[in-house]
Every structure is written in C-alpha cells, then in structure tokens.
Amino acid sequence: MRRKVRGPRKTIFDPVHGQIALDGVSLDLVGHRAFQRLWGIRQTGLAHLVFPGANHTRLEHSLGVLAVVRSMGERLGLDDASADRVAVGGLLHDLGHTPLSHTLEPTLREVEGIGHEARGRATILGTGAGGLGDGPGRSIAEILEHHGIPPASVGELVDPVGSSPPPLLRAILHGAIDADRIDYLQRDAYYTGVAHGAIDAVRLLDTVRATRSRLVFAEKGRHAVEGFLVGRALMYSSVYYHKTVRAAEVMAQGAVERLPGYPEAARPLLDGSDADLLVGLRTAGGRPGVLALGLLERRLHKRVVGWRRLTTGERAGLRRLAKRPEDRRAREEELADRIGAPSGAVLFDLAGLDAREPKGEDWSEVGVSEDGRIVHPFRQPSVWRALALRPPSVWSASVYVDPRFRTVAERRFGRRAADLL
C-alpha cells in the first residue's frame with residue numbers, strides 16, 4: 001500500500017490510462033516551465049501529415065509513463081523511496097527532446113554533441129545543455145530536493161550512463177518491455193488509428209515480476225509479451241518509418257541544417273516548441289523557409305530511389321555519409337546541381353541504414369516464468385526471435401526529391417546506390 005500524500009491533489013483524465021492523480025512532487029514538477037514546454041512538442045513528430053489524428057504531445061506521453069511506472073512499482077512491491085524515484089524518472093524522461101521529437105535527434109547530436117537523454121539529465125541537474133530549465137522560480141533540482149529526492153538519482157534514471165541506477169529501476173524505464181514503450185505503443189496506436197499497437201497492457205502489468213533485479217513475466221503473460229513484440233514491430237514499420245513520414249522528417253532536418261550560420265544558428269530553435277521551430281525557419285527565409293512552407297502546406301518530397309539491399313562498398317559509402325553530416329549535405333547539393341534544382345531539393349534518408357532494435361531493446365533478456373523456472377524464449381531461433389530482430393525499416397537508405405524535379409531525378413539518377421555516391 002503506497003503512503004498517502006498530504007497537500008493539494010489533482011486528477012487528469014487520460015484517454016489511455018483513465019484517471020492519473022498528481023500530488024506532492026509530481027504536481028510540483030508538472031507545473032515547471034521545462035515540463036510545460038512538452039505541450040508544444042508532438043509525440044510522433046510529423047506523423048500527423050500522414051495520420052491526421054497524431055497530434056498528441058510529449059507531455060501526454062510523460063503523464064502516461066508516470067501512470068505505468070506507478071502500476072509497475074505497486075506490482076513489484078517497490079519501497080516508497082524507490083517508487084517515488086522511478087515515478088519521477090518516468091515523468092521527466094523526455095524533458096530533453098527537441099521540437100518534433102526524434103525528428104531532430106541527429107541535428108541535436110551534431111549541434112550539441114549529446115542526445116535528448118543526456119540533455120534531459122542536464123536539465124534535471126541544472127547543468128546547462130540548452131537552458132531548458134532556466135527562468136524564474138524553483139529549478140527542477142530544487143523541487144526534487146524539497147521532496148527529499150536526490151536530483152542525481154533521477155538524472156541517472158533518465159540517462160543511465162556511467163553511474164548506473166539499480167538494475168530493477170533501470171529496467172522499468174530502459175528495457176525491451178518498459179513503461180515508456182507500454183505507453184507510447186498504446187498512445188500512438190490510439191491517436192494514429194493504427195490498430196497494430198493495441199497491446200494488452202493490462203495483462204503485461206498484471207503479470208510482471210522481479211527476479212534477481214530483472215523484470216520477468218509470469219507464464220500466463222507470455223501471450224501478452226508476444227503480442228507486445230508484434231505490436232512494436234508493426235508500429236515501427238507502418239508508422240514511425242512510413243515513407244511519407246520519413247519524407248517530412250528529412251525535410252525538417254534539411255531545413256534546419258541549411259540555416260545561415262548553422263550549426264550555431266540552430267541552437268535556440270532546439271529549445272522551443274514545434275511551432276517555434278517552424279516560425280523560426282519561415283522567418284529565416286531562403287531554403288529553410290521554402291522547406292518549412294512545404295511542411296506547413298504538405299507539399300512533401302518524394303522518394304525517387306530506395307535500396308533494401310546494398311553491396312558492402314555501397315553500405316560503407318552511405319555509412320560515411322551518415323557519420324559525416326557535412327559530407328552528406330555536400331553530396332545532396334551536388335546531386336541537386338546535377339538536376340538543376342536548388343539547395344535542399346535532394347535529401348538522403350539514412351535512418352534505416354543501421355536500423356536494428358531501438359536502444360535498450362535486448363529481447364534476449366526478456367524472461368518468462370515456466371514451470372517454476374525462468375526461460376528466455378527469444379534467445380533461440382524462432383519466428384518470435386526473427387520478429388524481435390526485424391529491422392524497423394525495410395529500406396536501408398532512400399533519396400527524396402522536391403516533387404517539381406521528380407521526373408528529371410528519376411531519369412538522371414541511377415538505380416544503384418553506387419551511382420549516387
């Protein structure tokens with residue numbers, strides 16, 4: 001039984017989890033400006049251009065993760081201190097996201113040299129990284145300390161690098177089946193209208209167990225685990241890596257990268273909302289403004305070539321472009337010149353080049369109780385292991401072109417990746 005919290009209490013009505021109670025530290029944190037910023041960031045980036053209902057936000061998702069973490073904590077019998085710590089970690093886990101969520105993650109890494117998790121940790125600790133927590137009033141660290149929660153213990157849950165948190169608490173937020181994924185698969189399926197992500201979360205939460213600081217599932221929950229695996233695989237291929245969603249995402253990234261004075265000019269845009277970003281790009285004019293207008297009016301680039309299979313040399317060449325954004329941009333401009341198109345008219349999509357299981361999804365560690373012992377059904381060759389290892393995208397790499405130049409690009413560009421390297 002969780003202890004009662006004295007003081008103000010509010011209830012939020014959520015379409016996925018029902019009523020979510022906020023009190024004590026959670027209520028104080030939700031009111032912080034860094035958390036409220038998440039109202040302006042769509043959970044699925046630019047997916048609403050394909051799935052019109054996908055206008056849900058990172059703030060909604062963060063509240064959903066809080067609800068799932070609480071359910072897991074109660075089922076696992078966590079002590080009060082651990083339950084509070086991991087619940088706060090779930091609530092704050094997405095603080096570091098840029099506008100359009102994962103769309104600009106590569107840009108963030110190029111501009112600031114870190115990903116959104118490290119940025120979130122810095123915001124919690126008040127150590128900089130974009131100034132997301134700057135402003136009047138108490139800092140996030142001060143709020144946590146006021147409630148007796150060490151900020152560093154939350155920061156390492158959000159970004160578990162170096163001094164890792166206790167394995168069980170880490171698994172609740174960073175694992176193949178964790179609170180983050182249990183919420184976003186349901187939430188994204190609900191708002192996109194795609195039924196693939198309709199996992200049996202109730203069964204998963206009812207059958208989760210802790211064994212030797214690892215999350216495992218009771219035997220009666222095995223079908224829910226397998227259903228989660230199917231839902232995760234299909235949502236990645238049908239929503240997150242949908243070819244038109246990817247077209248919009250490379251346009252947004254291409255627009256930011258073509259700001260005069262990039263990369264320094266991009267820093268302030270990474271701290272705001274989706275709307276702030278698009279207004280900033282439109283105000284900048286030039287090619288960033290043209291690309292941003294294309295997003296606003298849904299005039300998206302078209303895929304002219306894509307490769308499922310690559311030779312060893314082609315893969316190595318494309319990987320070099322992926323690792324060196326400045327080289328990729330130079331090659332994009334050369335290809336645009338080849339067809340008489342302006343800057344940003346030709347854009348590479350290399351997201352699927354090395355796409356494997358998303359970070360933290362080690363399915364070989366998923367355990368299921370069977371006849372009193374823990375087995376790992378996804379370690380051995382099977383249809384389930386094949387599905388777990390299935391790349392999120394069937395396309396290794398693609399090239400997108402401004403639709404005005406599609407015909408000439410199809411005529412001038414070869415079908416082999418080597419022709420464009």
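Relative contact order of the stretch 9-240, taken over Cα pairs closer than 8 Å and 6 or more residues apart, is 19 percent. Across the stretch 61-67, rounded Karplus estimates of 3J(HN,Hα) from the backbone phi angles (6.51 cos²θ - 1.76 cosθ + 1.60, θ = phi - 60°) give 4, 4, 5, x, 5, 4, 5 Hz, Gly and Pro being marked x. Note: the stretch 9-240, Cα convex hull, 120 Å³ per residue. Ranked by the mean number of other Cβ atoms within 10 Å of their residues, highest first, the peptides 201-213, 94-106, 391-403 fall in the order 94-106, 391-403, 201-213.
If you take every DSSP beta bridge fully contained in the chain, what fraction is antiparallel? Give it as a percent rounded to 5. Percent antiparallel among DSSP bridges in the chain is about 90. Taken along its principal axes, the alpha carbon cloud of the stretch 297-421 reaches lengths of 68, 36, 24 Å, longest axis first. Per-peptide packing, taken as the mean over residues of other Cβ atoms within 10 Å, places 65-72, 243-250 in the sequence 65-72, 243-250 from highest down. Taking a ≥ b ≥ c as the square roots of the eigenvalues of the Cα gyration tensor, the stretch 133-232 is oblate, since a/c reaches 1.5 or more and a/b is not larger than b/c.
Using the rule -39500 (n - 2.57) for each DSSP H run of four or more residues, divided by the residues of the chain, the 222 nm mean residue ellipticity is -13500 deg cm²/dmol. Relative contact order of the chain, taken over Cα pairs closer than 8 Å and 6 or more residues apart, is 15 percent.
In the chain, how does Rg compare with the Kirkwood Rh, expressed as the Rg/Rh ratio over alpha carbon atoms?
0.98
Rounded to the nearest 10 degrees, the angle from helix 222-235 to the longest Cα principal axis of the chain is 30 degrees.
Secondary structure note: in the stretch 9-240, about 100% of the DSSP beta bridges are antiparallel.
The separation of the stretch 47-95 from the stretch 160-238, counted between C-alpha centres, amounts to 12 Å. Cβ crowding within 10 Å ranks Lys302, Lys10 as Lys10, Lys302, fewest other Cβ atoms first.
Every number in this text was worked out from the coordinates using simple rules, so none of it is lab data. Treat the numbers as computed from the prediction; the structure is a model and nothing was measured. For neighbour counting, all protein chains shown are included, and Cβ atoms are generated from backbone atoms with ideal geometry for every residue, glycine included.
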